[in-house]
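Notes for the one structure printed next.
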Amino acid sequence: MLNYISYRLLQLIPLLVAISIIVFVIIQLPPGDFLTNYIQQLKLSGNDVSESAILNLKQEYGLDKSMIVQYVYWIKDMVLHGNMGRSFQFNMPVADVIWPRLGLTVAISLISLVFVWLVAIPIGIYSATHQYSILDYVFTFIGFIGVAVPGFLIALVLVYFIFIETGVSITGLFSPEYVDAPWTLAKVLDMLPRMILPVIVIGMASAASLIRITRGMLLDELSKQYVITARAKGVSEGRLLFKYPVRMAINPLISTIGWTLPALISGEVIVSIVLNLQTTGPMLLKALMTQDMYLCGSFILVTSVITVLGTLLSDILLAAIDPRIRFGGVGE
Amino acid sequence: MSGLTTVINQLRRPRTRRKKKTDQPSMEVASQWQLMWWKFKKHKLAVISAVVLILMYLIALFSEFVSPNLSATRFTAYKNAPPQKIHFVDAESGFQLRPFVYGMKEKIDEETFLRTFSEDKTKKYPIQFFAKGEPYKLWGVIPSSIHLFGVNNPDGALFLMGTDQLGHDLFSRIIYGGRISLSFGLVGIVLTLFIGLLLGGVSGYLGGVSDTIIQRIIDFLICIPTIPLWMALSAAVPREWSATQMYFGLIIIFSIIGWTGLARVVRGKILSLREEDFTMAARLAGAGDLRIIRKHLLPSFASYIIVNVTLSIPATILGETSLSFLGIGLQAPAVSWGVLLQDAQNLETLAHHPWLLWPAAFIMLTVLMFNFLGDGLRDAADPYK
Amino acid sequence: MSQQENVILEMKDVKVQFRLDEGLLKAVDGVDLRIKRGKTLGIVGESGCGKSVTSQALLRIVPKPGEVQGEIRLTRKKKDGSLEVVDLAKLDARGKEIRDIRGAEIAMIFQEPMKAFSPIHTIGNQIMEAILLHTTDDQDEAYRIGVEILKKVGMSNPEQRMSEYPHQLSGGMRQRAMIAMALSCSPSILIADEPTTALDVTVQAQVLQLINDLKSSHDTSVIFITHDLGVIAEMSDDVAVMYLGKVVEYTDVDTLFHHPKHPYTKALLNSIPSVMRESKRLESIEGTVPFPMNLPKGCGFYTRCKLAKDGVCNVEDVPLVEVTAGHSVRCLLVDEV
């Protein structure tokens, strides 16, 4: 088990390096480098920027060096000092802009993940054990809509209808009085009911596809020989269902976390823009509009790293519960 | 398990019903595509979806002709006008078969300064087929002023889905937008298909180092959340680009991120087919690599590729829509469904002008239709099952 | 009457039907069989003849949407030693009564041990499951019984095997574990559904030997299902030949091999190679088994039978007739052949 974990950890390193390179390229993509923007900004705000100051800045950021050296500077700064560059739009270090909002993004994404599992697995089990029943068809249809219609459209339509019906605008994560308030219990309590809609909207697509997968996988498992063996032993249907097929189907489901998590974070970004949540989504959009590339790049970097770690955790979890992976021998 | 149980299990799946003997006299000699077609035909929802999609693409193709107004025309007298009601019954002449609309009167609330429109029953405009309207050039070439339908009266106007704040006819714009949004899905998939087939094929057929590298790249692309990556890449596109450049820029962005799914399918299929006896038989008979790929492998997984492509098109359409909706994809004056939806971003405007949500309905319809179609194709893809 | 007492399971006109959209699929169509205490009944037939479904009907584990009709009368000992007769066909397939019989009174060995074991539970866990359900509630005792039974089926290091997973065992070992699992609650009837088909020939012989040994030491009745006549000859006391969901010939093993009556049985026997019959071509049965749905009236074997007579064999369904004592045949032309 320890071997397995360390092997998986080692595998991560090239992946993380690749991600960081891509992010660095993205940061460098727009015409004009960060410094020109920065100097322009300083000039606009009335500061006088001398040639020597520019040179100093260039040296500080390594802009006079080659791309590779710049990349090394950037990585070193980030890993050693947690410095992710500077957002010239917010005129603050990127880290200071990102972290407070990132917490909320991660929280909402994780709650959505829990929501997806809590909803999709029981429905998937029901659909599989009651194949071709009316409810099975209903769930299949809802699943279709969930898969087909993107979260931001659902959010848009829901916000509109709730506003028309109740006159309440359900955008935002906090009531106005709490937006800038420090974290208190009252703020959390204020936030929780406002999280329900975003969580449902964000989780809908993933829940729909998870229902489909659970149903398909269970149907496969239910007709497998070992289920019949257990039945022939006199095990009751309910016990049998959970001890064997469900338990078997859980394994591949855990491995779906690998793509559910990025999908949820993706969904969170765009839904939070529509619902105007105080998370990273609206911030990222603003940053993109002004080509604030350090901010964008760092955001992609952080969310990717979170996804990678999530996948790693799901793999380890998988190894912990599946003897075939743990012992390296894979059966049929 | 006995063979019987397997047969029973297969028979139980409603979609894989065995056909009655009468309407398939040549089950044994039918080609793979004939079998697929037979099976597809029985998936009613998929057939309907295919018809709807073909209609939508035809409308998009002839959008200048089908739309009653031009997309760029601004009706300054009718800003934010609601959709007109289509009437069949008139107070004077009673019921008539030809539908008509009334003219619109604008009223400004003196306290709130909100503009509202009401029907002007004194002006009646019958809706006619092949009505004469504003002149246009079909595909920029063929000049005409005949529209599929309209009010045939320069004083009247026809706004089936209302107008936006600049006085554009939303229905016409949705039809024009369909041209960009729908074509984006098709054009976008071409490049994706090319990259996916190439890399998936190389990965599966050659194996070894190239396989490992390509698999690592796929792993890597999958773990980056797509929407932020799209957003960042599209933000990196130079601002000065024209609408056409942006259109193809976005296609390139989607393709270099979106080929992974297809490549995986291709690789998996090739890996399993490579081990099949018929491949070995062909090799023993002296067939070369290219011939084996062309004659044996491609036909065997072409159906899977078609399914995959059908399900990727809506994803591409949604990608364009999402980015344009957020304001970092296509920009006005280009018209796509996502661009049109930008107007619906604000809850305030939406509450007063709910018809601005109409483009969303078209997006959902398209995406659902593609999904149903893909589902039907997926079931048909394995005709021997 | 003594023979009657020895019958512990009697099937009368058992039918298993699947109601499908295309029509009624008769997988088992009126089967009468008797299983005697301590004896082996062999059921032989081509794949798709309904032999597996027949055995599933006994345990009421026929896959959906199958329905079991007819009578399946099991004679079981009550706790006080007196006998009672239960009609398995009348029990609720999901109910407690049938579950008490499954695994305890009637146990089953399946064809492919790899697939028949859950890959993510240990062998011990899966063997003890049946013991805990039927024999004892005590974990330690169940473990002890499990080790004991593994030892009995000839497994080395039974304690170690208990904590191993199916993929860690070899094919033969897995089938031994499977047999151990089936025998763990000392059932009075053991159903073996093609238990050796998936095994190597050398291992096959060992497993067959094991089943025979255990049968005599436990006084267990065995229902042995196979398509292999050689195995039937070695294992069975009585044999039923099935075709298209019906028993076409039912007799003791010697009669079957030396004086077969039904054309199908004869054809089957002619299709196996034998050292005794020199330089004789092997015969195959022409055609394929018809699909058991919307069958025409008459003998099921009509389409493939060399002796079939139009206007005789394809008019009415053919009854199973006792031609001599203990030898029943379902053929109208039985006297002519």
Of B:158, B:94, B:146, which is farthest towards the positive pole of the stretch B:85-158's charge dipole, taken about the Cα centre with +1 and -1 on the beta-carbons of Lys, Arg and Asp, Glu respectively?
B:146
Ranked on Cβ counts within 10 Å of their own Cβ, fewest leading, C:165, A:4, B:205 go A:4, B:205, C:165
Using unit Cβ charges (K, R positive; D, E negative) and no other charged atoms, how large, in debye to the nearest 20, is the dipole of the stretch C:60-129 about its Cα centre?
80
Going by the alpha-carbon gyration tensor, a ≥ b ≥ c the square roots of its eigenvalues, is the stretch C:172-275 rounded (a/c under 1.5) or, if a/c is not under 1.5, prolate (a/b greater than b/c) versus oblate?
prolate
Return the sequence-ordered ³J(HN,Hα) values of the stretch B:53-63 in whole Hz as given by the Karplus equation 6.51 cos²θ - 1.76 cosθ + 1.60 applied to θ = phi - 60°, using x for Gly and Pro.
5, 4, 4, 4, 5, 5, 4, 5, 5, 9, 4
Mind checking which of C:48, C:23, C:172 has the largest fluctuation in a GNM of chain C, springs on alpha carbons under 10 Å?
C:23
Mean Cα-pair separation over length for the stretch B:85-158, i.e. relative contact order, pairs under 8 Å, 6 or more apart, %
23
List every DSSP H helix in chain C whose Cα atoms extend 15 Å or more along the helix's own long axis and whose mean Kyte-Doolittle hydropathy is at least 0.5.
C:123-134
By counting other Cβ atoms within 10 Å of each Cβ, how are B:116, A:214 ranked from fewest to most?
B:116, A:214
Along the charge dipole of chain A, pointing to its positive end and built from +1/-1 on Cβ of Lys, Arg, Asp and Glu, which listed residue (A:271, A:53, A:110) has its Cα farthest out?
A:110
Which whole-Hz couplings ³J(HN,Hα) result when phi for each residue of the stretch C:247-260 is put into the Karplus expression 6.51 cos²θ - 1.76 cosθ + 1.60, θ = phi - 60°, listed in order with x for Gly and Pro?
7, 9, 8, 9, 7, 7, 5, 5, 4, 4, 7, 9, 10, x
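Not counting the cut sites, what is the longest span of chain C without GluC sites (Glu not before Pro) that DSSP labels loop and that have at most 15 other Cβ atoms within 10 Å? Don't skip to the answer; put the middle values down first.
Working: sites that count: C:22, C:278, C:283, C:286, C:316, C:336.
Counting only loop sites that pass the neighbour cut-off, the longest clear stretch is C:23-277.
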What residue among C:133, C:313, B:72 has its Cα farthest toward the positive end of the dipole of the protein assembly as shown, where the charges are +1 on Lys, Arg and -1 on Asp, Glu, each on the Cβ?
C:313
In degrees between 0 and 90, to the nearest 10, how far off the longest principal axis of chain B does helix B:260-274 point, with axes built from Cα atoms?
30
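Rounded, prolate or oblate, given the Cα gyration tensor of chain A, with a/c below 1.5 counting as rounded?
Working: a/c = 2.99, a/b = 1.62, b/c = 1.85.
In terms of gyration-tensor shape, oblate.
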Only Lys, Arg, Asp and Glu count, each charged at its Cβ (+1, +1, -1, -1), so figure out the dipole size of chain A about its Cα centre, rounded to 20 debye.
1060
Could you state the angle between the C-alpha long axis of helix B:208-222 and the longest principal axis of the C-alpha atoms of chain B, as a value from 0 to 90 degrees rounded to the nearest 10?
30
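Let me confirm the definition first: pairs of Lys residues in the stretch C:238-326, 8 or more apart or on different chains, C-alpha distance under 17 Å. How many are there?
Numbers: C:246/C:261; C:246/C:266; C:246/C:297; C:261/C:306; C:261/C:309; C:266/C:280; C:266/C:306; C:297/C:309.
The number of close lysine pairs in the stretch C:238-326 is 8.
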List the residue ranges in chain A for DSSP H helices whose C-alpha atoms run 18 angstrom or more along the long axis and whose Kyte-Doolittle average is 1.6 or above.
A:2-28, A:94-129, A:134-148, A:151-166, A:257-274, A:293-321
So which chymotrypsin sites (Phe, Trp or Tyr not before Pro) in the stretch A:182-249 are both in a DSSP loop and have at most 13 other Cβ atoms within 10 Å of their Cβ?
A:183
Would you mind classifying the stretch B:85-158 by shape? Square roots of the alpha carbon gyration tensor eigenvalues, ordered a ≥ b ≥ c; an a/c under 1.5 is rounded, otherwise it is prolate if a/b is larger than b/c and oblate if not.
oblate
So if I place +1 on the C-beta of Lys and Arg and -1 on the C-beta of Asp and Glu, and nothing else carries charge, what would the dipole magnitude of the protein assembly as shown be about its Cα centre? I want it in debye, nearest 20.
1480
Per-residue Cβ contact counts at 10 Å, fewest first, order B:303, B:272 as B:272, B:303
Helix B:170-206 against the longest principal axis of chain B: what's the angle in degrees, Cα atoms only, rounded to the nearest 10?
10
Using a Cα-Cα cut-off of under 18 Å, which lysines could be cross-linked to residue C:79, ignoring same-chain neighbours fewer than 8 residues away?
C:96
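All of the numbers you see were taken from the coordinates with simple rules; none came from a lab. The shown structure was predicted, so the numbers you read here are calculated from the model rather than taken from an experiment. Note: ideal-geometry Cβ built from the backbone for every residue, glycine included; neighbour counts use all protein chains shown.
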